[in-house]
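The values are calculated or read from the model by the stated rules, or taken from the named source; none is laboratory data. Note that the structure is predicted; figures quoted are calculated from it, not measured. In this analysis, Cβ positions are derived from the backbone assuming ideal geometry, glycine residues included, and neighbour counts consider all displayed protein chains. We work out accessible area using only protein heavy atoms, side chains counted, and drop any ligands, DNA or RNA first. Shrake-Rupley method; radii C 1.70, N 1.55, O 1.52, S 1.80 Å.
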Amino acid sequence: MKTEVIIIGGGIQGCATAYHLAKGGVSVTVLEKDRVSQHASGVNAGGVRLLGRHISEVELSKAAMSLWSSLDEELEGDTGYRARSLINIAADEADMITLKQREIQMHKLGYRHEIMIDQQELRERLPYVAAHCVGGVVSEQDGYAIPYKSTLAFRNAAERLGATFLEGVDVARIRKIGDSWLVESDKARFESTVLINCSGAWADKVAVMMGDNVPLTHSAPMLMITSRMPHFATPVVGAVSRPLSFKQFENGTVLIGGGAKGFADRANNRTRLDYAKLAIGAKNAIDFFPIMKTASVNRMWAGLEAYMPDNLPVISKGVNAGNAFHAFGFSAHGFQLGPIVGKVLAELVLSGESKFDLDAFRIDRFERKVL
Ligand SMILES: Cc1cc2nc3c(=O)[nH]c(=O)nc-3n(C[C@H](O)[C@H](O)[C@H](O)COP(=O)(O)OP(=O)(O)OC[C@H]3O[C@@H](n4cnc5c(N)ncnc54)[C@H](O)[C@@H]3O)c2cc1C
């Protein structure tokens, strides 16, 4: 089978890229070893967060945020997106000092979307917050979406524009012959001019087959969700220096994250939960919101996620072969970026350029010499 572009990986990055390429009139095939949206992109916390981004990511994240606000109309689908403020809570004065330093840095760069709030405003916005919390920082433009719905909305829109999605195709071999990429699973063979690696926690293996090495690791961040509770929090909530993040959905259930990791077995597509760490996450939630003592946890799970040493993604042309591109290593915050990453990759394929400065995301950034 021959196509202009092959994308390996049917997560949000692969689906969004397929959408933007198909919109640009390119013939594109997505090869997915399991099911589209089965891994990180379908099971994450759905946080659509601009607050607290690494400086290198702020411009991309802002652009992604403006796409999220009209994504349902653009894709003619339902992503479950809800605009909500996001508040990171300061538990003590040391946290307020950390926030002040960040504010100075952001203002110097001309960014005004992170606004510090005092204790009184924190209580007005989150009446159930614990008495010891002293303030925080808010971003009004943040929110959440439903991960699998969002990823499938991209897939469906891409398919309507002519993109092909093949599930159960585990890419095992890649070769470049002349100007063509030959991509093989154990059962089928595909050919394209351009090859894009969006293979998430498996992306280092795919990168090597494309000629590029990368220090990617993988892990299994965990989440838990409660039964329905009385409504007590409209904003999405995080903490400045404690591993806490949660959101209460419109049906009353509360999704609790915070970055605690379970055990990852990517060779077998499996994760195992670390209950001791989940218990610490639950205790943190109670420390910040005593009402959470009444919560009962309904379900817990983990997903396989790709991490880079600097927690910044790879969004990059290939280094050792032409017509090769990579987008992976999102280090537990790639869902929000998905819509813009798809657009940027499509632009790189179509014009060779992006208006964003992608230098911090180069695949070879750990190999380059510091002069
Ligand atoms: C528990 C959890 C909570 C998170 N919370 C948030 C959050 O609140 N906000 C946020 O922004 N981000 C969050 N993230 C991170 C976010 O989910 C990921 O960064 C993002 O989904 C990565 O998308 P992806 O398309 O790169 O990877 P994936 O969704 O993993 O997709 C990659 C796909 O490639 C396929 N693949 C791999 N190798 C091959 C091969 N050889 N052949 C064919 N197919 C292959 C895989 O099967 C997989 O489906 C969270 C992640 C987890 C796990």
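Of all accessible surface on the chain at a 1.4 Å probe, what whole percent is carbon and sulfur?
Ligands and nucleic acids excluded, carbon and sulfur reach 51 percent.
As an exercise, use a Förster radius of 30 Å and the Cβ-Cβ distance of Ser351 and Ile55 to find the FRET efficiency, rounded to the nearest 0.05.
E between Ser351 and Ile55, to the nearest 0.05, is 0.70.
What net charge do the residues around Ala264 carry, taking every other residue with its C-beta under 9 Å from that of Ala264, with Lys and Arg at +1 and Asp and Glu at -1?
So the environment of Ala264 carries a net charge of +2.
Is segment 9-107 rounded, prolate or oblate when judged by the Cα gyration tensor, a ≥ b ≥ c being the square roots of its eigenvalues, rounded requiring a/c under 1.5 and prolate requiring a/b larger than b/c?
It comes out prolate by the Cα gyration axes.
Per-residue counts of other Cβ atoms within 10 Å, averaged by peptide: what ranking do you get for 321-330, 291-300, 206-215, highest first?
Ranked from most to least packed, the peptides come out as 321-330, 206-215, 291-300.
Considering only DSSP beta bridges whose two residues both sit in the chain, what percent are antiparallel, to the nearest 5?
70
Taking 0.36 nm per residue of sequence separation and subtracting the Cα-Cα distance, how much length would be gained by fully extending the chain between Arg270 and Val134, in nm to one decimal?
Working: separation 136, 0.36 × 136 = 48.96 nm, distance 4.04 nm.
So the chain would gain 44.9 nm between Arg270 and Val134.
Where the only charges are on Cβ atoms (+1 Lys, Arg; -1 Asp, Glu), what is the dipole of the chain about its Cα centre, to the nearest 20 debye?
I would put it at about 620 debye.
If you stretched the chain out fully between Asp78 and Ser180, how much longer would it get, using 0.36 nm times the residue separation minus the C-alpha to C-alpha distance?
On the way: separation 102, 0.36 × 102 = 36.72 nm, distance 3.68 nm.
Taking 0.36 nm per residue and subtracting the Cα distance, the gain is 33.0 nm.
For Phe249 and Thr164, what is the calculated FRET efficiency with R₀ set at 41 Å and r taken between the beta-carbons, to the nearest 0.05?
0.75
Quick one: angle between helix 275-288 and the longest Cα principal axis of the chain, in degrees between 0 and 90, rounded to 10, please.
Between helix and principal axis, roughly 50 degrees.
If you roll a 1.4 Å probe over the heavy atoms of the protein chains, what accessible area per residue do you get for the chain, in Å²?
43
What FRET efficiency comes out for Arg189 versus Ser227 if R0 is 41 angstrom and r is the Cβ-Cβ distance? Round to the nearest 0.05.
0.25
Of Tyr111, Phe232, Leu350, which is farthest towards the positive pole of the chain's charge dipole, taken about the Cα centre with +1 and -1 on the beta-carbons of Lys, Arg and Asp, Glu respectively?
Working it through, the farthest residue towards the positive pole turns out to be Phe232.
Give me the angle, in degrees from 0 to 90, between the Cα long axis of helix 338-351 and the longest principal axis of the Cα atoms of the chain, rounded to the nearest 10.
Value to nearest ten degrees: 30.
Give the residues of segment 159-188 whose amide nitrogen is closer than 12 Å to a point set 7 Å from the Cα of Lys2 in the direction of its Cβ.
Hits in segment 159-188 for Lys2 at 12 Å: 179-181.
Can you tell me the length gained on complete extension of the stretch Gln105 to Thr217, counting 0.36 nm per residue apart and subtracting the Cα distance?
37.3 nm
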